[in-house]
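The values are calculated or read from the model by the stated rules, or taken from the named source; none is laboratory data. This is a predicted model, so every value here is computed, not measured. Using ideal geometry, Cβ is built from the backbone for each residue, glycine included, and neighbour counts are taken over all protein chains shown.
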Amino acid sequence: MKNKILVASMGAMFVALGASKGYALSYRAGDFNFAITGYGTAGIIEPNFEKPDFIGDFNARAAITYNPNDSHSFGAVYRMDEIALYEDDWYHEAFGFWQWRGVGRIEIGMTDSVSHKLGLGLPDAGGMRLNNDSLIYRKMGVSGPVIANPEITNGSETPRVNLVAATNPRVQYGVSVAGFGDEYDYNIDAGIKIKHSASKTKYALSLGASFMNHPDNFSTDTFTPSVTADWRGQLYAGLNIQYNSWIFGLTGRAIYDHDATGPAVDGIVAGTGVSYDLLNYTMSLSYLFSDTGIWDKDIKDYDDHTVVASFRYKYSKFIDGWTSVGMSRGEPFLAAGIRLTF
């Protein structure tokens with residue numbers, strides 16, 4: 001598996017390097033548009049400042065869009081990343097869409113839910129993917145179940161329908177429905193994002209909720225066991241505030257499994273962070289707290305604290321380098337790497 005991740009990560013980086021030399025990654029033919037976007041990251045991490053370990057991460061997204069007129073667009077999206085590769089999947093997202101200007105967008109296929117897509121993560125200048133199945137926990141190890149996604153996630157492995165209202169300057173909202181998978185009877189998500197950007201101080205507030213009926217051996221967090229329960233409910237809230245070059249973030253997610261069997265994997269995850277941009281430099285400091293098993297009085301809950309300080313230098317539009325220092329599970333780490341974007 002490590003070799004697979006290494007090969008795929010380096011492959012994505014070579015494609016990105018090609019982009020930095022001016023190779024086209026988008027093409028238009030009449031009413032059809034083709035585009036490929038993504039990044040590749042390679043670096044090292046030293047848990048306890050001792051033996052270094054390789055970090056490989058990548059994300060590649062291909063999209064084709066047909067625009068017959070100014071009001072309607074039709075298309076398809078395929079996305080592959082290191083998370084899917086690690087879980088032996090051949091995609092992270094694969095879906096089709098219809099977009100109606102001024103009205104909204106319909107997505108059908110294997111894709112993340114509305115509550116996830118409208119979520120807000122923490123400021124993070126590093127390359128350890130703090131907001132999405134963070135590589136910190138995989139490289140540092142965990143002593144118990146960790147909720148590593150601060151935003152609601154119900155996976156993208158089963159067919160789903162997303163209905164999203166058209167973006168306007170103040171608010172965007174949507175709903176998701178999934179009911180054709182083997183891991184639950186059905187799942188309903190809803191999300192809303194409220195924005196204000198008309199003044200010097202800008203902010204975005206995101207709220208989400210999710211209900212899943214009869215999860216059966218279901219898991220979306222790499223670092224928690226699968227759950228079987230009567231039902232699962234989730235709530236989420238996120239806030240970003242920007243003032244000049246400063247960005248401040250808050251995020252929180254609560255998971256509740258009703259009449260669950262097996263180990264307790266529900267609980268809360270919450271975090272806060274701040275970042276600052278100066279020319280080609282970005283610095284960030286973020287904190288993430290996970291606590292599982294808090295709803296069950298008969299068991300001991302497991303909590304984990306993660307704090308990360310990161311620094312990123314943007315060498316060009318396509319190339320930047322980053323370094324991070326932090327602590328997780330009570331142990332320090334140092335990491336650094338290069339990211340190529342295309």
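Name the residues in the range 150-203 that are part of a loop (DSSP other than H, G, I, E, B) and touching a His at 6+ places or on another chain (Cβ under 8 Å), would you?
Within the range 150-203, Glu151, Ile152, Thr153, Asn154, Ser156, Arg170, Tyr184, Asp185 qualify.
Tell me, please, whether a residue that is crowded, with 23+ Cβ neighbours inside 10 Å, β-branched (Val, Ile, Thr) and closer than 18 Å to Asp189 by Cβ can be found in the range 103-112.
yes
Can you name the residue in the range 113-146 that is more than 13 Å from the chain's Cα centre (by Cα) and of a type in the set (Val, Ile, Thr) and is also nearest to Ser245 (Cα to Cα) among such residues?
Ile136
I need a count of the residues in the range 163-191 that are touching a helix residue (DSSP H, G or I) at 6+ places or on another chain (Cβ under 9 Å) and either within 26 Å of Phe248 (Cβ to Cβ) or touching a residue at least 60 places away in the same chain (Cβ under 8 Å) (or both).
8
I'm checking my understanding of the structure. Among residues of the range 182-196 that are in contact with a Lys or Arg (Cβ under 9 Å, 6 or more places away or on another chain) and surrounded by fewer than 19 Cβ atoms within 10 Å (Cβ to Cβ), which one is modelled with the lowest pLDDT?
The qualifying residue modelled with the lowest pLDDT is His196.
From the list Asp221, Asp230, Asp216, Asp189, exactly one residue is charged (D, E, K, R), within 19 Å of the chain's Cα centre (by Cα) and over 28 Å from Ala166 (Cβ atoms). Which is it?
Testing whether each residue is charged (D, E, K, R), within 19 Å of the chain's Cα centre (by Cα) and over 28 Å from Ala166 (Cβ atoms) leaves just Asp221.
Could you run through the range 227-254 and say how many residues are outside any strand (DSSP E or B) and either out of contact with any strand residue (DSSP E or B) (no Cβ under 6 Å at 6 or more places or on another chain) or surrounded by fewer than 20 Cβ atoms within 10 Å (Cβ to Cβ) (or both)?
3
Does Phe58 satisfy being modelled with pLDDT under 90 and under 30 Å from Gly141 (Cα atoms)?
When the stated conditions are applied, Phe58 does not pass them.
Right, Ala8: surrounded by 14 or more Cβ atoms within 10 Å (Cβ to Cβ), within 26 Å of the chain's Cα centre (by Cα), modelled with pLDDT under 95 and farther than 30 Å from Arg101 by Cβ or not?
yes
Quick check on this structure: which one of Asp291, Asp257, Asp296, Asp221 is outside any strand (DSSP E or B) and touching an Asp or Glu at 6+ places or on another chain (Cβ under 8 Å)?
Of Asp291, Asp257, Asp296, Asp221, the one residue that is outside any strand (DSSP E or B) and touching an Asp or Glu at 6+ places or on another chain (Cβ under 8 Å) is Asp221.
Can you report the number of residues in the range 276-309 which are surrounded by fewer than 22 Cβ atoms within 10 Å (Cβ to Cβ) and either at pLDDT 95 or above or not hydrophobic (A, V, I, L, M, F, W, C) (or both)?
Of the residues in that region, 20 qualify.
If Met212 passes every condition in (1) in contact with a Phe, Trp or Tyr (Cβ under 7 Å, 6 or more places away or on another chain); (2) buried (at least 21 other Cβ atoms within 10 Å of the Cβ); (3) touching a residue at least 60 places away in the same chain (Cβ under 8 Å) but one, which one does it miss?
Here Met212 clears every test but (3).
Hey, does the range 85-108 have a residue that's charged (D, E, K, R), in a strand (DSSP E or B), under 30 Å from Asp277 (Cα atoms) and in contact with a strand residue (DSSP E or B) (Cβ under 9 Å, 6 or more places away or on another chain)?
No: zero hits.
What are the residues in the range 310-323 that are buried (at least 17 other Cβ atoms within 10 Å of the Cβ) and either without any contact (Cβ under 8 Å) to a residue 60 or more places away in the chain or out of contact with any helix residue (DSSP H, G or I) (no Cβ under 7 Å at 6 or more places or on another chain) (or both), if any?
Hits for the range 310-323 are Ser310, Arg312, Lys314, Asp320, Trp322, Thr323.
Where the second residue is in a strand (DSSP E or B) and surrounded by 15 or more Cβ atoms within 10 Å (Cβ to Cβ) and the first is free of Cβ contacts under 8 Å to residues at least 60 places away in the same chain and at positive phi and lies in the range 94-120, which pairs have Cβ atoms under 6 Å and are six or more apart or on separate chains?
As it stands, the answer is Gly109/Ala94; Gly109/Phe95, since those pairs meet every condition given.
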